[in-house]
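To start, the structure itself, in structure tokens.
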Amino acid sequence: MDTDKKLRRPRTGRQLAGVCAALADFFGLDATVVRVAYALLTCFTAFAGIPIYLILWLIIPEAENRE
């Protein structure tokens, strides 16, 4: 297991802010699976996922440029 793994929002491969892509990368999952799960959970929890997404957007730092 990679112990240097950090939770960072990627600059590529993201749809809105990169929160779902960051979570998928961190846990080794497909980003589409995480996005679908997030959408379903948001719908079935009276849209509680929206403020959670916004909070994660503020908390998770963006990945550095690789240039």
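What follows draws every value from the coordinates through simple rules; no lab data is involved. Everything numeric here is computed off the predicted structure, so don't read it as measured data. Every residue, glycine among them, receives a Cβ derived from its backbone with ideal geometry; neighbour counts consider all protein chains shown.
A few points about this structure:
- Each of C20, C43 was scored by other Cβ atoms within 10 Å of its Cβ. Arranged with the fewest first, they read C43, C20.
- Residues in region 28-45 carry Karplus couplings, in order, of x, 10, 6, 4, 5, 4, 5, 5, 5, 4, 4, 4, 5, 5, 5, 5, 8, 10 Hz; the curve used is 6.51 cos²θ - 1.76 cosθ + 1.60 with θ = phi - 60°, and Gly or Pro positions show x.
- Percentage relative contact order, region 19-59, counting C-alpha pairs under 8 Å, at least six apart: 34
- For the chain, the longest principal axis of the C-alpha atoms and the axis of helix 49-59 are separated by about 20°.
- Restricting the chain to chymotrypsin sites (Phe, Trp or Tyr not before Pro) that sit in a DSSP loop and have at most 16 other Cβ atoms within 10 Å of their own Cβ leaves F47.
- Estimated inter-spin distance, A39 and I52, nm [label 7 Å along Cα→Cβ]: 1.7
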